Amino acid sequence: MVKGVQKSLDYYTQNFGPYQHKLVRIIEFPRYARFAQAFPNTIPFSESIGFIARVDDNNPKEVDYPFYVTAHEVAHQWWAHQVISGNSKGGTVLVETLAQYSALMVMKHTYGDATMRRFLQFELDRYLQGRSQERKKELPLARNENQDYIHYAKGSLAMYLLQDQIGEDKVNQALRLIIARHANKGAPYPSSTALTRALREVTPAEQQYVIDDLFDSITLYENRAISAVAHTLPDGQYEVMLKVTSNKLKADELGVEKEVSLKDWMDIGIDDKDGKPLLRQRQLINQKEMEFKLLVKDLPAKAGIDPDIKYVDRKPDDNLIKVELVSK
């Protein structure tokens, strides 16, 4: 938790702006409740999600959740305390979604890209479960009505994919614009349009569609690895022939879906037997079925499309498939 405070303050002050207080306090309370909450310079923190947590630092598959929760709550010193959103549709994007993004970036820089897959899988599961239980209407992220599964879970996925596509520096540039325009000011308070407007200012024209997909519509994908066959080359490398399929859909507020054309940049990847990345290659996916020839130096175990689960895929378990090694 102390590490989370230190890493968060370093990242946020460097990328967003100064911290407005002289100290950060974490206050433990008994586990009759399970939450943490940000007050000015003070974070009440349940013992059950921090102080008595067991985290194995040597297990790359474990998520250091006390670190993450701490980073999220420290981020609220910027998103909710410096920038205060109005009580409007999408207002929670400026509070919870940006706190999620901030914590994700601290985690990525501390633990590396490869360890983020497990967390993104958790957030994807949480979003898909939430939308399956929606009893009224699922709204796009930028117009959500304080729906937890949207502004937390989908918000994490959207912001992580956005920084992956346009660059972390550009996203942080947009967030600095929001702070310059709205921090420590009274009414009128900003809504989610302040975020999408700032993002559009820093996003190249050819990538504006990413903002539309992530914030202004409900976009789903059906990515699947069909086959992966590898053989050894004379120089000792492995040539992998990978076949994948992809489908892109947009849903309305009641869940009615329609297919839309594919023109998205996704990672094609290969992992070893321990799940560690051997190859990540960004490819334009513009057909439902595509085939790729890939080269890796080490023995491949699995290969597929969007291997790190950055897109909202309704069945992510089939993104990777076991590589069949054959003689040639």
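Readers should treat all values here as calculations from the given coordinates under stated rules, not as data from a laboratory. Model, not experiment: these values are computed from the prediction. Virtual Cβ from ideal backbone geometry, glycine too; neighbours counted across all protein chains shown.
Per-structure values
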item	result
Alpha-carbon Rg/Rh ratio, for the range 105-213, with Rh computed the Kirkwood way	0.98
Candidates 299, 139, 233, ranked by Gaussian network fluctuation over the chain, Cα under 10 Å, top entry	233
Within a Gaussian network of the chain (alpha carbon springs, distance under 10 Å), most fluctuating of 97, 70, 110	110
Under 13 Å, Cβ to Cβ, from residue 92 - net charge with Lys/Arg +1 and Asp/Glu -1	0
Spread of Cα-to-Cα distances over 20 Å intervals beginning at zero, given as percent, for the chain	30, 56, 14, 0
FRET E, pair residue 257, residue 21, Förster distance 35 Å, beta-carbon r, rounded to 0.05	0.15
Mean shadow area of the range 65-123, taken as a quarter of the surface of its Cα convex hull (nm²)	4.2
19 Å tail of the calculated P(r), the range 102-169, as % of Cα pairs	35
Convex hull of Cα atoms in the range 1-65, direction-averaged projection (nm²)	5.3
Potential lengthening between residue 118 and residue 207 on full extension [0.36 nm per residue; Cα-Cα distance subtracted]	29.4 nm
Charge dipole of the range 55-200 about the Cα centre (unit charges at C-beta), most positive-ward option of 124, 157, 93	93
5 angstrom amide H check on residue 227, placed H, neighbours 5+ away	243
Kirkwood Rh and Cα Rg combined as Rg over Rh, evaluated for the range 51-152	1.00
Rounded FRET efficiency, nearest 0.05, which uses the C-beta distance separating residue 13 from residue 298 and R0 of 41 Å	0.55
Alpha-carbon Rg/Rh ratio, for the range 35-81, with Rh computed the Kirkwood way	1.04
Average projection area in nm² (convex hull over Cα atoms of the range 162-251, one quarter of hull surface)	9.4
